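S.K.: Here it is: the structure, laid out below.
Derivation of every value follows stated rules applied to the coordinates shown; laboratory data play no part. Just so it is clear, the structure is predicted and the values come from calculations on it, not from any experiment. Counting neighbours? That spans all protein chains shown, and the Cβs are built from the backbone with ideal geometry, glycine included.
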Amino acid sequence: MSEKTRQRLCFWAVLLLGTAVRLWRFGAVPEGINQDEAFAGYEAFCLLRDGMDTAGYRFPVYLTAWGSGMNALESYLMLPFVALFGLKTWVIRLPQLLTGLLSLPACYGTVRRMRGEKQALVTMLLLAICPWHVLLSRWGLESNLAPGFLLFGLYFFLRALEDSRFFWLSGLFYGLSLYAYATIWPFVPLMLGFMLLYCAIKQKLPIDRHLLGGGALLILLALPLLLFLAVNFGWIGEIRSPFLSVPKLLYMRSGELSLRHLPENAKNLLSILWTQSDGLPWNSAGAFGLLYPMTGFFVLLGLWSFFRRNQGFDPMALLLLQLLAALLLALTVSVNVNRVNILFPPLIVLAGEGIVWLCSRFRFRLLGLVMAAYLVFFGLFARFYFSDYSAGLRSSFAWGLGEAIAAAETYDSPIVFSGDVYYPDVLFYAETEPAVFRETVRYQNYPAAYLRAASFDRFFFGGETTPAEGCVYILSPWADAGALEDAGFQAEHYGFYTLYRK
């Protein structure tokens, strides 16, 4: 068997492995739904129904959602899937799944152009079995699209250095990444500016109409978001048109980016990198962490390998500029894993660099052992993920709420939820008509950064402590059901939730 054939077999084996762990029980693990992915899914449902979001803006560049907004890209990517298959949990998770799957060959192609075939396969395997990336690919947090779209942008940027026509695709994906996560807005142009400067200094930048066209496309995509900033800083009025809206939010979270808490943010970042956890169960997988415990050592070796190279053009420097942008981001926000998600692809690539550099010192005798160790860790992680981890995550994903709502809707009665139930979850599972929601919604705390609904349609939130005849109640396990039990309501259990009726 030729070397090229072996490399192709390795590529497809890694891709198959990565695909299998992301597809197995997809939509069922995590069980239930997270409130942010529920809101993104319901916004897609609204846009399909009448072209407006929950607040009545036609095709907004940024969703008003909770009151302080939500990134719009994922909801727009959901549209064809929701149109074809309906509003279901597995359906609204498809954009994130597909982005995660496409990231595997994009990672391979990026590293192959940086370091060659062997390192590309090693790095692709690291990403395919990475706990952080597996978790990210299996549910629909809208900000988690950002790492994938930045990777696509970098891949096509590297291809454009060989064939400048790919600048168009690079500009497209870098532009779309801005709609994935608002926090990266200041850092993407900074990163791209340094990338272009580096390539120009090293005389690797083809300055032609394709570069200018790709840059123009990126600016065109960024323009609506610049208008969004102008609207929300009060410089111009909000924009409404039949085809595009630039809304003014109830609350602008511009204060999330600040240098005032730099020491604290740095400390939190170091803690996350050291412990490989931010304490949020949906972001890291227990003892397996984000990248497996031994990966930090290889990241440091990868940095050592990079800085030992000669001073000529090194495409790996382009990836390290993303790492630098991610570190600057981490110093300006209150850090958790999903807020600095663009940090992890560069770390994984550096780990691949470190592994190959170390093994090359021993003529690659260690490479098989290192990869075998990673596969053992992966097998243990996969077993944990689909058993104990999955069960432990139920409390964070409203397990059983959909079934409880379906049961309650069989009664022609008002439905009352305990006050700790998120109203987007109810909108999602009940598939409330958008016009009905807009006409009937009443908020407990309007205006606010994070709105809490008091009622809409026949759904009410809070009030479980004063039972009323003719109502059906759905309570979380943390709510006090004593008044309902004393009033003679009968209990039916659905996952973590209990339905009370007479």
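S.K.: What do you get for the angle between helix 262-275 and the principal long axis of the chain? Use alpha-carbon atoms, 0 to 90 degrees, nearest ten.
M.R.: Tilt of helix 262-275: around 80 degrees.
S.K.: Something else: Helix 73-85 sits at what angle to the longest principal axis of the chain, using alpha carbons and giving 0 to 90 degrees rounded to 10?
M.R.: 70 degrees
S.K.: Please name whichever of I348, F298, L161 sits farthest to the positive end of the charge dipole of the chain, dipole taken about the Cα centre and charges placed at Cβ: Lys and Arg +1, Asp and Glu -1.
M.R.: Result: L161, furthest along the dipole toward the positive end.
S.K.: Pop the C-beta distance of K267 and L369 into the FRET formula with R0 = 35 Å and round what comes out to the nearest 0.05. Don't jump to the answer; show the numbers that get you there.
M.R.: Working: r = 36 Å, r/R0 = 1.02.
Here the calculated transfer efficiency is 0.50.
S.K.: Next question. Tell me the angle of helix 344-361 to the major Cα principal axis of the chain, expressed in degrees between 0 and 90 and rounded to the nearest ten.
M.R.: Once rounded, the angle reads 30 degrees.
S.K.: Of the listed peptides 378-387, 55-64, what is their order by residue-averaged count of other C-beta atoms within 10 Å, with the highest listed first? The partial results should precede the final answer.
M.R.: Details: 378-387: 16.4, 55-64: 20.6.
In descending order of packing, they fall as 55-64, 378-387.
S.K.: Would you calculate a helix-derived [θ] at 222 nm for the chain, using -39,500 (n - 2.57) for each DSSP H run of n ≥ 4 and dividing by the full residue count, to the nearest 500?
M.R.: Values: 20 runs with 269 residues, N = 502.
Computed mean residue ellipticity for the chain: -17000 deg cm²/dmol.
S.K.: Rounded to the nearest 5, what % of DSSP beta bridges with both residues in the stretch 401-501 are antiparallel?
M.R.: Working: 12 of 18 bridges.
Antiparallel bridges make up about 65 percent of those DSSP assigns within the stretch 401-501.
S.K.: With unit charges on the beta carbon (Lys/Arg positive, Asp/Glu negative), name the residue among L270, L176, S360 whose Cα is farthest towards the positive pole of the charge dipole of the chain.
M.R.: Highest projection toward the positive end goes to S360.
S.K.: Let me ask something additional. Kindly put W478, W357, W24 in sequence by how many other C-beta atoms sit within 10 Å of each C-beta, fewest to most.
M.R.: Details: W478 10, W357 18, W24 13.
Arranged by neighbour count, lowest to highest, W478, W357, W24 become W478, W24, W357.
S.K.: Note down the net charge around W132, summing +1 for each Lys or Arg and -1 for each Asp or Glu among other residues with Cβ under 15 Å from its Cβ. It would help to have the intermediate numbers written out before the result.
M.R.: Values: positive: R22, R138, R339; negative: D278.
So the environment of W132 carries a net charge of +2.
S.K.: How would you rank H493, H133, going from fewest to most other Cβ atoms within 10 Å of each one's own Cβ?
M.R.: Numbers: H493 12, H133 28.
With the sparsest Cβ surroundings first, the list reads H493, H133.
S.K.: Let me ask something else about it. When DSSP beta bridges are limited to those with both residues in the chain, what percentage is antiparallel, rounded to the nearest 5?
M.R.: 70 percent
S.K.: Relative to a virtual label point 7 Å from the Cα of A491 in the Cα→beta-carbon direction, which members of the stretch 410-444 show backbone nitrogen distances below 20 Å?
M.R.: In the stretch 410-444, the label zone of A491 (backbone N under 20 Å from the point 7 Å along Cα→Cβ) covers 416-421.
S.K.: Ok, one more. Say the dipole of the chain comes from +1 at the beta carbon of Lys and Arg and -1 at that of Asp and Glu; which of S241, L475, A454 then lies farthest toward its positive end?
M.R.: With unit charges placed on the Cβ atoms, the residue in question is S241.
S.K.: Mind putting a number on the dipole of the stretch 1-126 about its Cα centre? Charges go on the C-beta only, +1 for Lys and Arg and -1 for Asp and Glu, and I need it in Debye to the nearest 20. All intermediate terms of the calculation are to be shown ahead of the outcome.
M.R.: Details: 13 positive and 9 negative charges, 162 e Å.
So the magnitude is around 780 debye.
S.K.: Counting only C-alpha contacts under 8 Å and six or more residues apart, can you give the relative contact order of the stretch 107-228 as a whole percent? Write down the numbers at each step before the final one.
M.R.: On the way: 115 pairs, mean separation 29.0, N = 122.
This gives 24 percent for the stretch 107-228.
S.K.: From the phi angles alone, apply the Karplus equation (6.51, -1.76, 1.60; θ = phi - 60°) to the stretch 34-44 and give each ³J(HN,Hα) in whole Hz, x where the residue is Gly or Pro.
M.R.: Per residue, the Karplus-derived 3J(HN,Hα) values read 8, 4, 6, 5, 4, 5, 4, x, 5, 4, 4 Hz.
S.K.: Set the Förster radius R0 to 56 Å, insert the Cβ-Cβ distance between F307 and N445 as r into 1/(1 + (r/R0)^6), and round the FRET efficiency to 0.05. If you can, show how the numbers build up before the last one.
M.R.: Values: r = 52 Å, r/R0 = 0.92.
Efficiency, from the Cβ-Cβ distance: 0.60.
S.K.: Let me ask another. Let me check against my output: what whole-number percent is the relative contact order of the stretch 3-392, with C-alpha pairs under 8 Å and at least 6 apart? Show your work: numbers first, answer last.
M.R.: Working: 568 pairs, mean separation 73.9, N = 390.
Over the stretch 3-392, the number comes to 19 percent.
S.K.: Which lysines have a Cα lying under 23 Å from the Cα of K248, excluding residues fewer than 8 positions away in the same chain?
M.R.: Straight-distance partners of K248: none at all.
S.K.: Counting pairs of alpha carbon atoms under 8 Å apart in space and at least six apart in sequence, what relative contact order in percent does the stretch 401-501 give? All intermediate terms of the calculation are to be shown ahead of the outcome.
M.R.: Details: 167 pairs, mean separation 33.6, N = 101.
So the answer I get is 33 percent.
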